[in-house]
Amino acid sequence: METAVTYNRFSPGPDQREESITGQLRENHRLAKQKNLTVIHDYIDRCISGKTDNRPQFLQMLKDAEKGLFKYIICYQTNRFARNTYDAVVHKHKLKKFGVKVIYSKMSIPQGPEGVIFERFMEAFDEYYSEELKQKVLRGQYDNALQGKFLGGRLPYGYKLDENNKYIIDEERSVIVREIFTRYAAGEKARDICNDLNKRGIRTSTGGEFGKNSLPCILHNPKYMGVYDFESKDPDLEAIHSEDTVPAIVTKEIFERAQKRMESNRHKKSKKKPDDDVIFLLSGKAFDGNCGGALIGDSGTSRNGVTHYYYTCTNKKHKKGCKTKSVKKDWLENAIVEATRAILDNRNLTEKIGQWIVQLQEKNIDDSMLKVAQSELKNTQKSIKNIMNAIEQGIITDTTRERLLELEVRQAQLESEIKLETHKIHAPKVAKEQVIFWLEQFKNGDSRTDDYKKYIIETLVNAVVLHQDVITIAYNYADNEIVDLPISILKGSSDSVRISLLNWAAVDSNHRPHPYQGCALTT
């Protein structure tokens, strides 16, 4: 059996409860059993928004994926993995390199390349819906911030909360916080401080060892000198700055000394090599049509010291007889991006994709969990009524009291689950016009930025095959239409470029188009 993990999360807010995690775990494990997968761990982030990837368990899961500990991540829906479209694309791209696939227990993502478009759209739709929900809780957050209350997330090490959700000092851990600031401000290395704390058996607030990210989280936080800052994302609300709502653990003087040292160390760090910042956007997608080898990132330095970047066939790189010339990285990536943008001028194509995604979402609406919870609630309420009748007749024992308490707790859990499932079923539905509008945004992005080019390539392009005089592009959507599109960036000319959206029968099991089956870009 192949290994899998589950990722489960609920966001901050009055309607977000522990029962949500229970439901996610149940459905995720049910899917694992269906697919004959062995779940080796459950990652759970509580009360943390999916708009950020700074989630402790989420980040730990990514580290474990890189180690090759599992092959699948099971989530409830796309919005549990992330509500930020860019984060979703970036992290799934990394997971793909690690050989890890994300699957969903309550969403049916079509198999094959076409499923990529559907998944990307649902991520974008989740992000849009998340923005609407966020506006409803911002006001409540702002009121709590005015009172200096804890707003959720991870509680800073060295603090506890009182009955009003306000910060109070944790006397035991605050001693460690003062020690960290004192030693660091005095010039001791952060690594040595962490090693010493770990040897003494001192652990972080999550129970782990102190590492390279532990100390900066503490040393940068102004709450430790008694400053409470809050800047609402609502432009109509003013920023909050208070110096009397959080009890200080260290003095302002030692806090500022630590900041100066961190700033000094930041400037001393060696610069990254040029290649460290270069992203080859077609990595894993580009192939040599002459020998079938993969095109990989490569670089070379000219006489004047300028570094140039290329895609080179791996068979040529490893001297296996391939004579295909390397192609400039920017030229190839820009050609693919511009060709893909131009495809979206085909209204018939965007209409088809829009209708297809609407149909898939309708297929994914599942009220089975709601019906099961409603049925169980009905039986639970009947059992409570029977026990109450027994009590009224004088039949009362320790067992009946214990059973009544259990049933009342379960009733509250079921009512919460029903509310959550009802909300999901009646959540806004995707309209075809929304999908078309989303596709239109690909044409309006800034093609000079790597973020935009990465998103459009990850979403729409499945594979690229470079031949001697043509470039074949296989997209994540099947269509037999052939259109003439102007790609002015090719060789600096305004030559007409011919593009064919390949039928997937022409793609082998590795999603690589067979050489010369269908044409795509011809200059």
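The values are calculated or read from the model by the stated rules, or taken from the named source; none is laboratory data. Because the structure is predicted, anything quoted here is derived from the model rather than measured. Counting neighbours? That spans all protein chains shown, and the Cβs are built from the backbone with ideal geometry, glycine included. To get the accessible areas, we keep the full protein, side chains included, count just its heavy atoms, and leave off ligands, DNA and RNA. Shrake-Rupley method; radii C 1.70, N 1.55, O 1.52, S 1.80 Å.
So which residues in segment 476-492 are modelled with pLDDT of 60 or more and open to solvent by less than 10 Å² (accessible area, probe 1.4 Å), if there are any at all?
Passing the criteria: only N476.
Quick check on segment 320-339: of everything there that is of a type in the set (K, R) and under 19 Å from Y309 (Cα atoms), which residue is nearest to the chain's Cα centre (by Cα)?
If we take residues in segment 320-339 being of a type in the set (K, R) and under 19 Å from Y309 (Cα atoms), then K329 is nearest to the chain's Cα centre (by Cα).
Of everything in segment 148-197, what is open to solvent by 40 Å² or more (accessible area, probe 1.4 Å), among the β-branched types (V, I, T) and free of Cβ contacts under 8 Å to residues at least 60 places away in the same chain? Give them in sequence order.
If the condition is that a residue be open to solvent by 40 Å² or more (accessible area, probe 1.4 Å), among the β-branched types (V, I, T) and free of Cβ contacts under 8 Å to residues at least 60 places away in the same chain, then V175 is the only one that fits.
For the structure I just gave you, tell me whether G305 is surrounded by 10 or more Cβ atoms within 10 Å (Cβ to Cβ) and either over 30 Å from the mean Cα position of the chain (by Cα) or at pLDDT below 80 (or both).
no
Scanning for something under 24 Å from K260 (Cβ atoms), part of a helix (DSSP H, G or I) and not polar (S, T, N, Q), does segment 161-176 turn up at least one residue?
yes
Taking the condition open to solvent by 60 Å² or more (accessible area, probe 1.4 Å), outside any loop (DSSP other than H, G, I, E, B) and either touching a residue at least 12 places away in the same chain (Cβ under 8 Å) or farther than 20 Å from Y475 by Cα (or both), does D298 pass?
So D298 fails the test.
Yes/no per residue for (1) loosely packed, with under 12 Cβ neighbours inside 10 Å; (2) at pLDDT below 70:
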{"position": "I418", "(1), (2)": "no, no"}
{"position": "E421", "(1), (2)": "no, yes"}
{"position": "K424", "(1), (2)": "no, yes"}
{"position": "K432", "(1), (2)": "no, no"}
{"position": "E440", "(1), (2)": "no, no"}
{"position": "R448", "(1), (2)": "yes, no"}
{"position": "K454", "(1), (2)": "no, no"}
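Under 7 Å by Cβ, and 6 or more places apart or on different chains, what pairs join a residue from segment 10-31 that is within 15 Å of K419 (Cα to Cα) and assigned to a helix (DSSP H, G or I) with one that is hydroxyl-bearing (S, T, Y) and modelled with pLDDT of 85 or more?
Q24/Y76
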